[in-house]
1. With respect to residue 64, is the statement that it is surrounded by 13 or more Cβ atoms within 10 Å (Cβ to Cβ), among the polar types (S, T, N, Q) and in contact with a strand residue (DSSP E or B) (Cβ under 7 Å, 6 or more places away or on another chain) true?
2. Collect the residues in segment 96-150 that are over 18 Å from residue 21 (Cβ atoms) and among the basic types (Lys, Arg), keeping them in residue-number order.
3. Within the set of pairs 6+ apart or on separate chains, which have a first residue in segment 126-150 that is free of Cβ contacts under 8 Å to residues at least 40 places away in the same chain and among the acidic types (Asp, Glu), a second that is surrounded by 13 or more Cβ atoms within 10 Å (Cβ to Cβ) and part of a strand (DSSP E or B), and C-beta atoms under 8 Å apart?
4. Being more than 18 Å from residue 63 (Cβ to Cβ) and aliphatic (A, V, I, L, M) is the filter; apply it to segment 100-130 and report the residue that is surrounded by the most Cβ atoms within 10 Å (Cβ to Cβ).
5. Can you say whether residue 108 is more than 30 Å from residue 32 (Cβ to Cβ) and of a type in the set (A, V, I, L, M, F, W, C), as far as the supplied structure shows?
Amino acid sequence: MAFLALILIILIPLAKPKQHYLVISAVDDGEVVFRARVEAGTRFSTTFKHSVQLSDWTDFYEITEDFEFRLYETRFSDFGWGFPSEPDPGADMEVTDKYVRYFNMNRVLASFKVSVTTATDTHLLEFGATEVDLIEKAGPGRLLEFRIDG
């Protein structure tokens with residue numbers, strides 16, 4: 001009977017799927033500014049105002065099966081200073097009168113960092129129905145790390 005109890009103690013935690021979380025934290029002191037449960041296939045985006053062009057830049061991410069980030073699309077206003085003039089190899093490009101869109105990208109990242117600047121700039125996270133102002137949450141002038149914990 002004790003042997004059976006020992007087996008159950010070992011196997012029950014293994015049967016429960018491991019939970020993973022998107023964590024955004026400040027590099028300087030580790031303060032967590034956002035945390036949400038994710039699974040493979042979860043999508044979110046970040047938008048910031050480009051410091052030279054003063055126009056919005058949006059990156060779209062998906063959580064991979066290995067719980068990494070896959071940048072699959074990026075949108076920006078035009079081919080201004082500091083903007084890429086062509087997509088990643090293998091990606092597609094669409095140009096409209098409102099934006100340039102690079103899509104079918106496959107840039108995989110274990111983690112990434114984002115610098116949030118002044119209080120008057122834009123730096124947003126869109127996660128499902130939730131929109132988070134990262135400058136308001138973290139404070140201006142901070143470096144934030146995006147990672148998956150689990």
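1. Yes; evaluated as a whole, the condition is true for this residue.
2. 98, 101, 107, 142, listed by residue number.
3. Every condition considered, the pairs that remain are 131/124; 131/125; 133/123; 133/124.
4. Here the residue is 116.
5. It is false that residue 108 is more than 30 Å from residue 32 (Cβ to Cβ) and of a type in the set (A, V, I, L, M, F, W, C).
Read-outs throughout are calculated quantities, based only on the coordinates presented, and are distinct from any laboratory measurement. This one's a predicted model, so the numbers in the text were calculated from it and none came from an experiment. When we count neighbours, we look across all protein chains shown, and the Cβ atoms used for this are built from the backbone with ideal geometry, even at glycine.
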